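Enquirer: This is the structure, below, for whatever I ask next.
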Amino acid sequence: MNEIIESVKNLSIGFNSQKGKQISILRNVSTNIKKGETVGIVGESGSGKSTLALAMMGYIKQGLFPLKGQCLFKSEDLLKMSSRQLEKIRGRKIAMIPQNAGQALTPNLKIGYQIDEALKLHTDLNKTERDKKISELLNKVRLPSPETMAFRYPHELSGGQQQRVAVAMALAGKPDLLLLDEPTTGLDVTTQAHVLELLRFIAKDTGTSMIYVSHDLGAIAQVSDRIVVMYAGEIVLEGPARKILKEPIHPYTYGLLKSIPKLSLAGLPASMPGSQPQPGSINEGCSFYDRCNLATDNCKKNSPDLEHIKELDTNVRCFNYKELINQNNNLQTSITKKSNNSEANEVLKLKDVSISYAKQKFFDQLLNKISDQNPTVKDINIDIKKGETIALVGESGSGKSTILKSIAGLLKTKDGQIKFENDRILSSDLKMRNPNDLRAIQLIFQNPDESLNPNHTVEQILSQPLKLYFNLSGEELKKNIIDLLKKVRLGEFYMSRYPRQLSGGEKQRVAVARAFAAKPDIILCDEVTSALDVSVQAAVLNLLQQLKEDLGTTYVFVSHDLAVVRAISDRVAVLYQGRLCEIGPSQNVYKFPSHPYTEVLLGAVLEPDPDIKPKLVAEDIVEEKPPEKGCSFQGRCPRKIGDICNSEVPPWQIGENGNAIRCHINIEELASLQQ
Amino acid sequence: MESNLITEDKQKNKLEKAFEILKTMASKPSGLIGLTIVLFHVVLALISPYIAPYDYKAISPNTMLLAPSAEHWFGTDSLGRDVFTRTILGGRTALTVTFFGSLIALLWGGLLGIFCGLVGGKIDDVVMRVVDAFLSIPWILAMLLIVSLLGTSTEVLIPALGFFYGKGIVRVARAATHDVIAKDFIVSARARGHSNMSIIWNEIIPNVRDAILVEGAMRWSWMLLGFSSLSFLGFGVSPPTPDWGLMISNARGLMSFAYWSVIAPIVGLSSLIIGINLTADAFAKALGIDRSTKAPV
Ligand SMILES: Nc1ncnc2c1ncn2[C@@H]1O[C@H](COP(=O)(O)OP(=O)(O)OP(=O)(O)O)[C@@H](O)[C@H]1O
Ligand code: SF4
Ligand code: SF4
Ligand SMILES: [Mg+2]
């Protein structure tokens, strides 16, 4: 167990800036990977974690070069090897699973063929041995019916299954070390939990060492024996997983853990101010100085070294770490949010809404109707009160964005009505809505890189709604823009910037400001924090909550992340395949009894705590289409009771907690089953 | 990476931006060479009438096919005209015709491409089919038909060339629009209720402009070659106006013993084409467009 497989020594990697300056993005990194051990490398985007992982297989991205240090794999320096020598090691001794590896499979080649290619490349087995090995590998990654699986094409597999194939290919050469760069990012919650469980099993079963790179402490917590925390190109904390997660003794890690929303906490997570410094902008002192609440004058001038603390078996880079020892219980706190007044009037009602993506037949087009017996979204009934935050949760493809688009008028409804203020029906066609209704409902999108025009300055971006809805110009326009920027905690000098000159969190703030520019009644938020780093996510969530409390805005908040939803929402609606499963006040939905699907989702949440393991109660199959009749969840339900689930749409039942559940199982029985 | 740093603060006005792009283009040797060649040709075209040592149309039987000498640097042609004079004047028509031709190609190609990308669906299909069908006729035949019906005046040549070279631009503009239109900022603008015109003008054009301009610059060099081929075949510029294509055509029979009269126009033509090509490439790189991945001709 104590044999060291790979050892990184004083590694610095950098690039030459256009002005000819040398800028390092990894600074003096040293760490050891032992045999059979899984090391999690965690850090926010830009912290250098992928650069480190790639260097550990002797790969330096184009434009970068090693400034000093070594990467010793079994005491040979990978950075000094020729590409021929590296070829012998990569795939055979060190294998890698990059992000989206599943999607990177060659689309027109069968799965079996692709694994066979990997085997040919990395082993000396003959044809029959390889064939045997293929089914062995497919078995090992727990793909269903390995015999037929080999003859399928990648597009015939779900995202999680594709990722399993990628794992199988990486295991083809029996590597000693497996590098995983964000291997579950972008997968559904339940799929993610399954893939992580598989990785843990493989680590134990084969004794392969693993390096698991992720921004997600929840995922890292599930697989790692040891955790390395990176910040601005340096290791700031390193130690046994349990110690790092339960008693973080570096202010950054402490803040990071606090900024993660947790299922057990109802309030908003605390956010860290500021953002990670850009490479090259750190001159002297501690790189975390700007954001640290323990900082002293000493930290400003001197940079701390990585210090080994023997009794904790931990390395830490901080002068004042002692103040954090034995502070652990503080991690379980959150900021309470003001709940909205439940007596308020309803501002938006969805009544029997169905939405279909089916192409209209010619005849139906003439009659302007859509005939689709099994639409993507069906029978949605939700009444939204003024000033509340209602969340729609569900896995990818559950129809969350589809519903938002319909509310915004971007997608026609098939049946049903969307009623706004005083039961006035909103046309489902954007062009038919009056300007004031358009103003009243605004959207914020997931990825600010896509939702902000890259060729517009912040000023131009914010002036669009102001000009369109309020005809502002000149000084008045400018004053309004500055006010908006202030509202989202950005200074006036941001006006002349382009989106590419802003950090992820700043971009999303601009997007929030643009939505608020219209003085809307309702804001539709589509996964607004999923593209952001956790510490930034916490800040944006707090900002949204603050704005809502000040201005009385109503949010419809779409997310796949149950912990984020728990933190921000007053009420939750759970969707599966475009059908509602459960709806109720959020504190109650997170209690039992819940709908079997809610139970599955809650079980799959990855908490940044090694003691809370996900409960995998259902298979992570992906269904293409909702079932024609019966319960929408029949295909995956772990509590399915029989034919009735396949044939009859379940009735709504109201629990004593006030959450409504749509299931054939009696609600009291459900409660006792879930005890 | 550095340009992403949050330190670049001031907003640059258009002129400064253009200057910046020029600077980036000139920072690589290939871009600098391209720019220099193009600049040289443009300046030459502007001043050549004033610096030409001889009358370009003065025929003189006494000076037929003289080899290069101090008086006639590039020698004389079969009619005794000074080749140097004719060479430095020979790019003027080609440059003017193809420059305006490219503008026309950019305009119709760009607008139609944006339109097709925007509306999509059936209309897009039909328009693209028609464009393809029209242009699957070999362009040179079609050009010959046009000039034989309408004559070879620049009023005919400019729109005709512009029309034929717009096809590639339609495709690029359409593809670029397709890319942009799926972005959330367009959805966002639609959801706010902006008019279609405002969306095209504010959201789409700024994001497809660069790709279209680069394609236009590329097409310019091809059009130059096309135009010279027409002249070579006798359907471009009419004699005695000096033109490289025409000069090459007239002198090619004499190549074996009076090589000078053909080399000078060839160097003129090919250097300009290479220059424009290099410039267009540098332009694309300066704007961050990778032509190697995005050339759906
Ligand atoms: N333009 C479209 N044409 C046809 N089907 C579509 C279209 N957009 C979405 N769908 C389908 O509609 C269903 C619901 O999609 P939707 O985008 O609303 O899901 P979502 O819950 O927002 O998922 P995600 O979490 O991945 O964003 C999916 O099955 C999807 O494949
Ligand atoms: S060294 Fe100082 S600034 Fe840096 S993390 Fe420790 S307390 Fe904070
Ligand atoms: S109705 Fe049946 S299939 Fe649906 S959730 Fe209940 S038990 Fe499961
Ligand atoms: Mg979505």
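The values are calculated or read from the model by the stated rules, or taken from the named source; none is laboratory data. Note that the structure is a prediction, hence the values are computed from the model and not measured. Don't worry about glycine lacking a Cβ; one is built from the backbone with ideal geometry, like all the others, and counts go over all protein chains shown. Note: areas computed on protein heavy atoms with side chains; ligands, DNA, RNA excluded. Shrake-Rupley method; radii C 1.70, N 1.55, O 1.52, S 1.80 Å.
Enquirer: What tally of residues in the range A:570-617 results from selecting those that are of a type outside the set (A, V, I, L, M) and within 16 Å of ligand 1 (Cβ to nearest atom)? Spell out the reasoning first.
Expert: Going residue by residue through the range A:570-617, those that are of a type outside the set (A, V, I, L, M) are A:570-571, A:576-579, A:581-582, A:584-588, A:590-599, A:603, A:607-611, A:613-615.
Pick out the ones that are also within 16 Å of ligand 1 (Cβ to nearest atom) and you get A:576-579, A:581-582, A:597-598.
Result for the range A:570-617: 8.
Enquirer: Related question: Taking the range B:190-213 only, how many residues are facing chain A (nearest Cβ under 7 Å) and not in a helix (DSSP H, G or I)?
Expert: Counting residues in the range B:190-213 that are facing chain A (nearest Cβ under 7 Å) and not in a helix (DSSP H, G or I) gives 2.
Enquirer: Please go through the range A:464-490 and give me each residue that is over 11 Å from A:Ala513 (Cβ atoms) and assigned to a loop (DSSP other than H, G, I, E, B), ordered by number.
Expert: A:Asn471, A:Leu472, A:Ser473
Enquirer: So A:Leu265 ticks every box in (1) within 16 Å of ligand 2 (Cβ to nearest atom); (2) in contact (Cβ under 8 Å) with a residue 60 or more places away in the chain but one. Which box is left unticked?
Expert: A:Leu265 satisfies all of (1) within 16 Å of ligand 2 (Cβ to nearest atom); (2) in contact (Cβ under 8 Å) with a residue 60 or more places away in the chain except (1).
Enquirer: With (1) under 20 Å from the mean Cα position of the chain (by Cα); (2) over 30 Å from A:Pro454 (Cα atoms); (3) open to solvent by 20 Å² or more (accessible area, probe 1.4 Å); (4) of a type outside the set (Asp, Glu) as the list, and B:Tyr165 as the residue in question, which single condition is left unmet?
Expert: (2) is the only condition that B:Tyr165 fails.
Enquirer: Continuing with this model, one more query. Could you check how many residues of the range B:52-73 are open to solvent by less than 70 Å² (accessible area, probe 1.4 Å) and among the aliphatic types (A, V, I, L, M)?
Expert: Count: 5.
Enquirer: Could I ask something else about it? Taking the range A:215-252, which residues are in a helix (DSSP H, G or I) and not aliphatic (A, V, I, L, M)?
Expert: Scanning the range A:215-252 gives A:Gly218, A:Gln222, A:Arg242, A:Lys243, A:Lys246, A:Pro251, A:Tyr252.
Enquirer: Additional query: Open to solvent by 70 Å² or more (accessible area, probe 1.4 Å) and within 29 Å of A:Val223 (Cβ to Cβ): is that true of A:Asp620 in this structure?
Expert: Against the criterion (open to solvent by 70 Å² or more (accessible area, probe 1.4 Å) and within 29 Å of A:Val223 (Cβ to Cβ)), A:Asp620 does not qualify.
Enquirer: Tell me the helices (runs of 4 or more DSSP H) entirely within the range B:75-163 that contain at least 3 residues that are free of Cβ contacts under 8 Å to residues at least 60 places away in the same chain.
Expert: Result: B:92-119, B:121-136, B:139-150.
Enquirer: Give the residues of the range A:502-527 that are open to solvent by 30 Å² or more (accessible area, probe 1.4 Å) and within 13 Å of A:Leu551 (Cβ to Cβ), sorted by residue number.
Expert: Answer for the range A:502-527, where residues must be open to solvent by 30 Å² or more (accessible area, probe 1.4 Å) and within 13 Å of A:Leu551 (Cβ to Cβ): A:Lys519, A:Asp521.
Enquirer: Which pairs have Cβ atoms under 6 Å, sit 6 or more apart or on different chains, and link a residue in the range A:397-413 that is touching a residue at least 40 places away in the same chain (Cβ under 8 Å) to one that is within 16 Å of ligand 3 (Cβ to nearest atom)?
Expert: A:Ser398/A:Leu575; A:Ser398/A:Tyr576; A:Gly399/A:Leu575; A:Gly399/A:Gly578; A:Lys400/A:Gly394
Enquirer: Right, another one. Would you be able to say whether some residue in the range A:560-574 is touching a residue at least 12 places away in the same chain (Cβ under 8 Å) and within 16 Å of ligand 3 (Cβ to nearest atom)?
Expert: Initially, the range A:560-574 is screened for residues touching a residue at least 12 places away in the same chain (Cβ under 8 Å), giving A:560-574.
Of the ones still in play, those that are also within 16 Å of ligand 3 (Cβ to nearest atom) are A:573-574.
Yes.
Enquirer: Quick check, is B:Val180 in contact (Cβ under 8 Å) with a residue 12 or more places away in the chain and within 14 Å of another protein chain (Cβ to nearest Cβ)?
Expert: Taking the combined requirement at face value, the residue satisfies it.
Enquirer: Of the conditions (1) assigned to a helix (DSSP H, G or I); (2) within 14 Å of chain B (Cβ to nearest Cβ); (3) under 22 Å from B:Arg190 (Cα atoms), A:Met495 satisfies every one except a single condition; which number is it?
Expert: Only one criterion in (1) assigned to a helix (DSSP H, G or I); (2) within 14 Å of chain B (Cβ to nearest Cβ); (3) under 22 Å from B:Arg190 (Cα atoms) is unmet by A:Met495, namely (3).
Enquirer: Restricting to the range A:44-88, what's the tally of residues that are surrounded by fewer than 16 Cβ atoms within 10 Å (Cβ to Cβ) and on the phi > 0 side of the Ramachandran plot?
Expert: Adding up the residues that qualify gives 3.
Enquirer: Evaluate the range A:73-86: report whether one residue or more is in a helix (DSSP H, G or I) and touching a Cys at 6+ places or on another chain (Cβ under 8 Å).
Expert: Yes, the range A:73-86 has at least one match.
Enquirer: Also, I was wondering about something else. Can you name the residue in the range A:157-180 that is part of a helix (DSSP H, G or I) and among the hydrophobic types (A, V, I, L, M, F, W, C) and, of all such residues, is surrounded by the fewest Cβ atoms within 10 Å (Cβ to Cβ)?
Expert: Among residues in the range A:157-180 that are part of a helix (DSSP H, G or I) and among the hydrophobic types (A, V, I, L, M, F, W, C), the one surrounded by the fewest Cβ atoms within 10 Å (Cβ to Cβ) is A:Leu171.
Enquirer: Provide a single number: the residues in the range A:421-462 that are small (Gly, Ala, Ser), outside any loop (DSSP other than H, G, I, E, B) and more than 9 Å from every other protein chain (Cβ to nearest Cβ).
Expert: Start the filter on the range A:421-462 by keeping residues that are small (Gly, Ala, Ser), which leaves A:427-428, A:440, A:451.
In the following step, the residues that additionally are outside any loop (DSSP other than H, G, I, E, B) were identified as A:440, A:451.
Subsequent filtering for residues that are more than 9 Å from every other protein chain (Cβ to nearest Cβ) retains A:440.
Qualifying residue count, the range A:421-462: 1.
A quick yes/no check of all residues on (1) of a type in the set (A, V, I, L, M, F, W, C); (2) closer than 27 Å to A:Pro608 by Cα; (3) within 14 Å of another protein chain (Cβ to nearest Cβ):
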| position | (1), (2), (3) |
| --- | --- |
| A:Ser30 | no, yes, no |
| A:Ile41 | yes, yes, no |
| A:Ala53 | yes, yes, no |
| A:Ser75 | no, no, no |
| A:Gln85 | no, no, no |
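Enquirer: Which is surrounded by fewer than 22 Cβ atoms within 10 Å (Cβ to Cβ), without any contact (Cβ under 8 Å) to a residue 60 or more places away in the chain and of a type in the set (Ser, Thr, Tyr), of A:Ser496, A:Ser530?
Expert: A:Ser496
Enquirer: Might you let me know whether the range A:531-540 holds any residue that is in contact with a Gly (Cβ under 9 Å, 6 or more places away or on another chain) and acidic (Asp, Glu)?
Expert: Looking through the range A:531-540, at least one residue is in contact with a Gly (Cβ under 9 Å, 6 or more places away or on another chain) and acidic (Asp, Glu).
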